[in-house]
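Notes follow the structure.
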Amino acid sequence: MSPDGFFKEAHVKLRPVEFGTDGVYLCGTAHYPKFISETISQAYGAAGRVLTLLSNDTVTASGSVCEIDENKCLSCGACISACMYGAISFQETRLGRKAVVNPVLCKGDGLCNTKCPTSAIQLKHFTDKGLLSEIDAAVSEEGIKKQIDLLVGV
């Protein structure tokens, strides 16, 4: 929301009818007070964006999404409060009430990972073990030599 209480678009110039959340479109006086002709034009733009989305048989989501290990999840809700996109919610699973990620809404920012007290959440393709291995390689003697060579242009 803007300071005036109106909804804000994703980007003023590049995505004027798109809301910050994917799949939600904006038009009319929810955006700001405007003339009816401008409202109609914006509604046509929003309808066009919706038709573009609905014309596809499937929706492709980002590959960088979080996964939750049900065995480690304590159902504390820390991840739900940390997720700015509303991608995590509680669901009844075979192990009881657990947090579940909606991969279409998840943007893969990893905030939920940092809040989880049991490390039940991992960002796909970016496991703790993999990231620590990258850090170890970067600070090793050979890694530092490669970084110096890149800086001096060798």
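Quick check: from the Cα gyration tensor, does the stretch 61-123 come out rounded (a/c under 1.5), prolate or oblate? Prolate shape, in that a/c is at least 1.5 and a/b is the bigger ratio. Subtracting the Cα-Cα distance of Asp22 and Ser133 from 0.36 nm times their residue separation leaves 36.6 nm of extension gain.
Considering only Arg49, Arg94, Arg15, the mean-square fluctuation computed in a Gaussian network model of the chain, springs between alpha carbons under 10 angstrom, is largest for Arg94.
Where a ≥ b ≥ c are the square roots of the eigenvalues of the C-alpha gyration tensor, would you call the stretch 1-116 rounded, which needs a/c under 1.5, or, failing that, prolate if a/b is larger than b/c, or oblate? Prolate, because a/c is 1.5 or more and a/b exceeds b/c. Neighbour counting of Cβ atoms within 10 Å sorts the residues Asp69, Asp4, fewest neighbours leading, into Asp4, Asp69.
Label-to-label distance, Glu38 versus Ile80, with points set 7 angstrom from Cα along the beta-carbon direction: 4.0 nm. Could you tell me the center-to-center distance, by alpha carbons, between the stretch 59-78 and the stretch 114-144 in angstrom? The stretch 59-78 and the stretch 114-144 have Cα centres separated by 17 Å.
For the cross-link pairs Lys124/Lys145; Lys13/Lys107; Lys124/Lys146; Lys8/Lys34; Lys8/Lys124, the ones whose C-alpha atoms lie over 20 Å apart are Lys124/Lys145; Lys13/Lys107; Lys124/Lys146; Lys8/Lys124. Among Met1, Met84, sorting on how many other beta-carbon atoms sit within 10 Å of each Cβ, with the fewest leading, yields Met1, Met84.
Subtracting the Cα-Cα distance of Leu53 and Asn102 from their residue separation scaled by 0.36 nm leaves 15.8 nm.
Each of Phe6, Phe19 has some number of other Cβ atoms within 10 Å of its Cβ, and from fewest to most they run Phe6, Phe19. Note on the chain: helix-only mean residue ellipticity at 222 nm, from DSSP H runs of 4+ residues weighted -39500 (n - 2.57) and normalised by residue number, equals -10500 deg cm²/dmol. Of all complete DSSP H helices in the chain, not one has a Cα span along the helix axis of 24 Å or greater and a mean Kyte-Doolittle hydropathy of 1.0 or more. The H on the amide N of Lys8, modeled in the peptide plane, is under 5 Å from the matching H of Ser2, each at least 5 residues off or on a different chain.
Under 1.5 on a/c is rounded, so check that first for the stretch 1-60, then, if it is not, pick prolate when a/b is larger than b/c and oblate when it is not; a ≥ b ≥ c are the square roots of the alpha carbon gyration tensor eigenvalues. Since a/c reaches 1.5 but b/c is at least a/b, the shape of the stretch 1-60 is classed as oblate. Using the Cβ of Gly20 as centre and a radius below 9 Å, the other residues enclosed give a net charge of -2, where K and R count +1 and D and E count -1.
Every read-out reported here was derived from the displayed coordinates using simple, explicitly stated rules and does not represent laboratory data. Only a predicted model underlies this, so the values are computations on that prediction, with no experimental measurement involved. Backbone-built Cβ (ideal geometry, glycine too); neighbour counts: all protein chains shown.
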